[in-house]
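Report on the following structure.
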Amino acid sequence: MNETGREFRNTKSYRIWIDTTGTGHIRIVKRINFSTFISLCRETYLALDRTSGLSPRIIIYIPRSLYDVMSENVQEFITFCRSCTDAVFELSVMGE
């Protein structure tokens, strides 16, 4: 996980940054409600630079313990985003 670049949100529950290649990263640390998750994805998508000609890319990092609780909603939302935007959304489950 490349953490260099521009960080624009950092709370106890999540962190958002855009690396030097223009990829957006959302790291969920603690459980957040679903509307907050949607807002984070939207904010990150809108902050990405689209002048490079490449599709915007967002990687979402979530711990396994939270993924077990949030998986259905997160998966459905990512599927929706992939079908409705020009962005590439990836989900990375961290931990055992």
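Axis angle, to the nearest 10 degrees, between helix 64-84 and the longest C-alpha principal axis of the chain: 40 degrees.
Charged side chains reduced to their Cβ positions (Lys and Arg at +1, Asp and Glu at -1) give the chain a dipole of some 280 debye around its Cα centre.
Write down the accessible area per residue of the chain in Å², having rolled a 1.4 Å probe over the full set of protein chains. All intermediate terms of the calculation are to be shown ahead of the outcome.
Working: 5680 Å² over 96 residues.
Ligands and nucleic acids excluded, the result is 59 Å² per residue.
Relative to the longest principal axis of the Cα atoms of the chain, the long axis of helix 34-47 makes an angle of roughly 10 degrees.
Summing charges over neighbours of residue 66, with a neighbour being any other residue whose Cβ is under 9 Å away from its Cβ, gives +2 when K and R count +1 and D and E count -1.
222 nm [θ] for the chain, helices only, -39500 (n - 2.57) per DSSP H run of 4+, per residue, to 500?
Numbers: 2 runs with 35 residues, N = 96.
Helix-only estimate at 222 nm: -12500 deg cm²/dmol.
Considering only 10, 25, 55, and ranking their Cα positions along the charge dipole of the chain that arises from unit charges at the beta-carbon of Lys, Arg, Asp and Glu, the one farthest toward the positive end is 10.
Amide H contacts of residue 91 (H built 1.01 Å from N, in plane; Pro and chain starts excluded): 60 sit under 5 Å, all sequence-distant by 5 or more or on other chains. Taking Lys and Arg as +1 and Asp and Glu as -1, the other residues whose beta-carbon sits under 13 Å from that of residue 92 total +2. Of the accessible area of segment 41-96, computed with a 1.4 Å probe over protein heavy atoms only, carbon and sulfur atoms account for 50 percent.
The values are calculated or read from the model by the stated rules, or taken from the named source; none is laboratory data. Everything quoted here is computed from the prediction, not taken from an experiment. When we count neighbours, we look across all protein chains shown, and the Cβ atoms used for this are built from the backbone with ideal geometry, even at glycine. Only protein heavy atoms, including side chains, enter the accessible area calculation; ligands, DNA and RNA are left aside. Shrake-Rupley method; radii C 1.70, N 1.55, O 1.52, S 1.80 Å.
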